[in-house]
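Enquirer: Could you have a look at this structure, given as structure tokens, before my questions?
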Amino acid sequence: MCKKALITGITGQDGSYMAELLLSKGYEVHGLIRRASTFNTGRIEHIYVEPHDPSANIFLHYGDLSDASQLTHIIYDIQPEEIYHFGAQSHVRLSFDMAEYTGNVTGLGTTRILEAVRRSGISARFYQASSSEMFGAAPPPQNESTPFYPRSPYAAAKVYAYWMSVNFREAYNMFISNGILFNHESPRRGEVFVTKKITRTIANIIAGKEKYLYLGNLEAKRDWGYTPEYVMLTWMMLQQEKPGDYVVGTGETHSVEEFVKAAFEYAGLDWQEHVKIDPYYFRPTEVEVLKAGPDKARKELKWDPRITFSKLIKVMVDADMRRMGLKPVGEGDNILNEAFPDRWWKVD
């Protein structure tokens with residue numbers, strides 16, 4: 001019998017890659033999606049098979065992290081052996097405008113699904129998608145021992161979800177691991193996130209559809225990595241003998257301005273001719289520097305990133321140029337082919 005896994009947030013960046021990884025390993029994959037008036041399954045259309053098809057090994061279930069009873073029924077019916085909890089309101093800037101909603105979905109939503117697992121009586125291994133934003137104003141580098149200092153409603157909700165995960169692990173002897181992932185990007189990144197906003201706008205500028213890119217704080221520094229690698233580490237966390245908490249990042253930090261300059265230069269554009277600062281995109285409380293201290297992940301999960309800052313930018317710019325019907329520069333494809341000859345995910 002193949003393993004069953006449930007993924008919340010399966011239509012998002014991390015969830016879609018996780019679905020591909022698990023399918024490549026022979027899992028039966030179940031995904032939780034919200035019912036909406038428009039289709040929101042674009043990231044998984046290439047792997048989804050209609051349930052009545054005999055070859056189907058991926059199944060979608062309508063549910064919501066605000067509905068505890070529904071979550072319990074879904075988990076009891078599926079009986080998954082592994083649960084990957086990516087579902088959340090995950091946009092930091094937006095969380096200031098929707099603080100209560102963010103707390104309800106990102107924080108309490110985690111409690112609801114943990115309670116659903118406990119009440120259903122299953123012994124599933126559980127992954128909680130924690131975030132480097134929880135460190136906030138804590139000085140870098142940040143590792144598993146660094147005290148949290150959240151600087152946004154999103155980060156505060158994630159801190160709550162983190163400690164609830166630890167509490168359930170210790171109180172009920174549940175296998176729960178927290179992955180404290182630093183910024184991880186890919187061509188599937190949501191368009192409201194800064195890296196994707198940069199690379200998508202570059203393609204639009206070249207295509208003549210836009211002229212300017214509007215950004216906020218260019219001095220903010222982040223530790224950026226490549227999502228498929230982080231998803232593989234997420235899976236590995238649930239394959240360990242014991243649960244634990246892991247910081248995952250490259251150990252490098254770069255400013256938003258560095259990302260902008262490198263992306264525009266790669267595409268043959270002068271960034272200063274196109275970038276404008278808009279006060280709206282500044283956060284009320286900023287996180288200045290996030291830099292991972294991933295020694296534990298390096299040792300226990302054999303973490304050695306293959307795609308770091310400059311390579312990541314080329315992969316994303318090429319993907320967005322291709323999406324716009326433009327000829328990509330071309331280095332991105334070569335980078336992926338060299339780094340991942342056994343790639344298990346679709347090239348975007």
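The values are calculated or read from the model by the stated rules, or taken from the named source; none is laboratory data. Note that the structure is predicted; figures quoted are calculated from it, not measured. Positions of Cβ are generated from backbone atoms using ideal geometry, with glycine treated the same way; all protein chains shown enter the neighbour counts. The protein model used for the area step is the full one, side chains on, heavy atoms only, and it has no ligands, DNA or RNA in it. Shrake-Rupley method; radii C 1.70, N 1.55, O 1.52, S 1.80 Å.
Enquirer: How large is the accessible surface per residue of segment 79-172, computed with a 1.4 Å probe and reported in Å² as a whole number?
Expert: With all protein chains present, segment 79-172 gives 40 Å² per residue.
Enquirer: Sticking with this structure for a sec: What is the diffusion coefficient of segment 49-186 in µm²/s, taking the Kirkwood radius over Cα pairs and the Stokes-Einstein relation at 37 °C with a viscosity of 0.692 mPa s?
Expert: 205
Enquirer: Quick check of the Kirkwood formula: for segment 224-348, what is the inverse mean of 1/r over all pairs of different Cα atoms, in Å?
Expert: One decimal place: 16.8 Å for the Kirkwood radius.
Enquirer: Multiply the residue separation of Arg35 and Phe96 by 0.36 nm, subtract the distance between their alpha-carbon atoms, and state the gained length in nm to one decimal.
Expert: 19.5 nm
Enquirer: How large is the accessible surface of Val192 in square angstrom, using a 1.4 angstrom probe and rounding to the nearest 10?
Expert: We get 100 Å² for Val192.
Enquirer: Heavy atoms only, probe 1.4 angstrom, no DNA, RNA or ligands counted: give me Ser255, Ser123 ranked by accessible area, highest first. Walk me through the numbers on the way to the answer.
Expert: Details: Ser255 10, Ser123 110 Å².
Ranked list, largest accessible area first: Ser123, Ser255.
Enquirer: Still on this structure, I have one more. Return the carbon/sulfur percentage of the accessible area of segment 46-183, one whole number, probe 1.4 Å, all protein chains in place.
Expert: Working: 3030 of 5930 Å².
With neighbouring chains kept in place, the figure for segment 46-183 is 51 percent.
Enquirer: At 0.36 nm per residue, and after removing the present C-alpha to C-alpha distance, how many nm does the segment from Arg343 to Glu265 gain when stretched out fully?
Expert: Extra length available between Arg343 and Glu265 comes to 25.3 nm.
Enquirer: With all protein chains present and a 1.4 Å probe, how do Ile277, Ile75 order by accessible area, largest first?
Expert: Result of the area sort, largest leading: Ile277, Ile75.
Enquirer: Where in segment 214-241 does the amide nitrogen come within less than 20 Å of the point 7 Å from the Cα of Lys302, taken along Cα to Cβ?
Expert: 226-241, by backbone N distance to the label point.
Enquirer: A follow-up question, please. Counting Lys and Arg as +1 and Asp and Glu as -1, what is the net charge of the other residues whose Cβ lies under 14 Å from the Cβ of Val192?
Expert: Working: positive: Arg93, Arg188, Arg189, Lys196, Lys197, Arg200, Arg283; negative: Asp97, Glu185, Glu191, Asp278.
Once all neighbours under 14 Å are counted, the net charge is +3.
Enquirer: With springs only between Cα atoms under 10 Å apart, run a GNM on the chain and tell me which of Glu133, Glu338, Glu28 wobbles the most.
Expert: Glu338
Enquirer: Then there's this: To the nearest 500 deg cm²/dmol, what mean residue ellipticity at 222 nm is calculated for the chain from DSSP H runs of n ≥ 4 alone, each contributing -39,500 (n - 2.57), summed and divided by the residues?
Expert: Details: 12 runs with 130 residues, N = 348.
It comes out at -11500 deg cm²/dmol, rounded to the nearest 500.
Enquirer: With every protein chain kept in place and ligands, DNA and RNA left out, what is the accessible area per residue of segment 268-348? Probe 1.4 Å, answer in Å².
Expert: About 57 Å² of surface per residue is accessible.
Enquirer: Then there's this: If I build a Gaussian network model for the chain, linking alpha-carbon pairs within less than 10 angstrom, which residue out of Ala68, Ala157, Ala88 has the largest mean-square fluctuation?
Expert: Maximum fluctuation in the GNM of the chain, among the listed residues, is at Ala68.
Enquirer: Quick one: order Phe264, Phe175 from most to least accessible surface, probe 1.4 Å.
Expert: Largest to smallest exposure gives the sequence Phe175, Phe264.
Enquirer: Solvent-accessible area of Trp235, probe 1.4 Å, all protein chains present, reported in Å² to the nearest ten, please.
Expert: Probe radius 1.4 Å; accessible area of Trp235 about 50 Å².
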